[in-house]
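Shown next, in structure tokens, is the structure this report addresses.
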Amino acid sequence: MQIFLDTANIDQIKQAHELGIISGVTTNPSLLSKEATADYESVTRKICAIVSGPVSVEVLSEDAAAMIAEARVKASWAPNVNIKIPITAEGLKATRVLSAENIKVNMTLCFSPNQALLGALAGATYVSIFIGRLDDAGHDGMQVVEDIIGILDNYPELDTRVIAASIRNPLHFTYSAMAGADIATVPYNVLMQMIQHPLTDIGIKRFLADWKSVAKK
Ligand code: G3P
């Protein structure tokens, strides 16, 4: 199990990186817009200077030829850039070409086992399942993650890794780990929630109070 950080915020990436538990970063155009910048290249270069693991950068083109051209440029920004491509017919065509060029593709916006399996067959290194958005639409996001993991287990020749994405709370992370997701990409606030437990805070206070009481004697 690996954790990627799902953000384009440089301060958050620096802070999470210092924790020593982050293996990569995922971004998307919406996350860039939260940082009020359209300079995807500059943000990507800054992230890649902090994180040596995979950094997912999304294409904005919609037809295969344009996706491929865009992906080649974005992959040249840093050696650890992966390319996020949405699961569409055009996206599958682009994934096949890019994978053959050893450009790693994160097939994104997967909402069904079939979509994820098609991404795997096209050669995607990762398939991202959007749990929170499935839940928002009244579906069971975790079940979709479990289903695709089960399907890929049937076909060991497919070495595509499953990313549990659109994680909205610590339980999404726990259940993703229980299901055997290879990676969960988590927002910074969820990562902070995962660290905390009220009994840990109470325990620290009690240890320190007990130590002070005996250390005075
Ligand atoms: O990695 C995909 C993720 O950023 C989507 O999350 O919360 O916008 O559904 P969300």
Subject >> aspartates and glutamates whose Cα lies under 12 Å from that of K93, excluding same-chain neighbours fewer than 8 positions away >> reply: E62, D63
Subject >> Solvent-accessible heavy-atom area per residue, rounded to whole Å², over the chain at 1.4 Å >> reply: 51
Original post:
Going out from 0 in 5 Å bins, what whole percent of all Cα-Cα distances in region 29-80 drops into each bin?
Top reply: 4, 19, 28, 25, 18, 5, 0
**OP:** Using Cα positions and a limit of under 29 Å, work out the lysines in reach of K14, with same-chain residues fewer than 8 apart set aside.
**Re:** K34, K46, K74, K84, K104, K205
**OP:** Step through the residues of region 147-156 one at a time and calculate ³J(HN,Hα) from phi using the Karplus curve (6.51 cos²θ - 1.76 cosθ + 1.60, θ = phi - 60°), rounding each to whole Hz and writing x for Gly and Pro.
**Re:** 5, 5, 5, x, 5, 5, 5, 5, 10, x
**OP:** Pop out the carbon and sulfur fraction of the accessible area of the chain as a percent, whole number, probe 1.4 Å.
**Re:** 55
**OP:** Averaging sequence separations of C-alpha pairs under 8 Å and six or more residues apart, then dividing by the length of region 44-178, give the relative contact order as a whole percent.
**Re:** 17
**OP:** Over the Cα atoms of region 93-217, compute the convex hull volume and normalise it per residue, giving Å³.
**Re:** 142
Subject >> Using alpha-carbon coordinates, inclination of helix 10-19 to the longest axis of the chain, degrees >> reply: 60
Subject >> Rg in Å to one decimal, and Dmax rounded to a whole Å, for the chain via C-alpha atoms >> reply: 19.4, 76
Original post:
Where the Cα atoms of region 37-157 are projected onto their three principal axes, how long is each span, largest first, in whole Å?
Top reply: 37, 29, 27
Subject >> Cβ-derived FRET efficiency at R0 30 Å, E18 paired with I202, nearest 0.05 >> reply: 0.75
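The values are calculated or read from the model by the stated rules, or taken from the named source; none is laboratory data. Since this is a predicted model, take the numbers as computed values, not measurements. So basically every Cβ, Gly included, is an ideal-geometry build from the backbone, and we count neighbours across all protein chains shown. Side chains are part of the model used for accessible areas, which takes the heavy atoms of the whole protein and leaves out ligands, DNA and RNA. Shrake-Rupley method; radii C 1.70, N 1.55, O 1.52, S 1.80 Å.
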